[in-house]
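Beneath this line is the structure, given in structure tokens, with notes to follow.
Read-outs throughout are calculated quantities, based only on the coordinates presented, and are distinct from any laboratory measurement. No experiment lies behind these values; they were computed from the predicted model shown. Here Cβ is always computed from backbone atoms with ideal geometry, including for glycine, and neighbour counts include all displayed protein chains.
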Amino acid sequence: MNLQIQAQDFTLTDGLRQHVTTRLAYALNHGRDIITRIVVRLSDVNGPRGGEDKCCGIEVRLKGAPALVVEDTQTDLYVAIDRASERIGRSLDRRVARQRDFPALSMARQPATSEEIP
């Protein structure tokens with residue numbers, strides 16, 4: 001699993017990096033085997049003007065399935081990271097459950113092998 005953390009319009013501190021890593025490790029624990037890449041984009045939309053403008057976007061790339069994308073904006077960047085992590089974790093859990101409960105749907109996306117073609 002490849003994790004990239006990008007900070008736009010501010011400096012990424014070790015504390016923020018550790019917080020993102022810890023929260024994602026906890027939230028995405030159930031789907032570790034199907035995750036290929038995670039991209040986290042942190043930004044301060046309004047800059048020094050203040051307000052509810054700290055944004056955390058998380059994109060999770062999966063093996064053989066479309067990517068999951070979640071974004072959350074809050075006054076506090078740590079809260080935005082927490083909320084986005086929770087939401088992406090729930091989305092991943094739903095995706096894993098759907099593939100487990102309906103394996104034919106996930107098989108439909110995979111190319112047929114020569115043995116399956118009549």
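Here are a few things to note about the model shown:
- Remark on region 2-107: ratio of C-alpha radius of gyration to 2.2 N^0.38 Å is 1.14.
- Gain upon complete extension [Arg32, Leu12; 0.36 nm per residue less C-alpha separation]: 4.7 nm
- What the Cβ-Cβ distance of Phe102 and Glu71 gives, at R0 = 30 Å and to the nearest 0.05, is a FRET efficiency of 0.65.
- Inter-site label distance for Val79 and Val45 at 7 Å from Cα along Cβ, in nm: 1.4 nm
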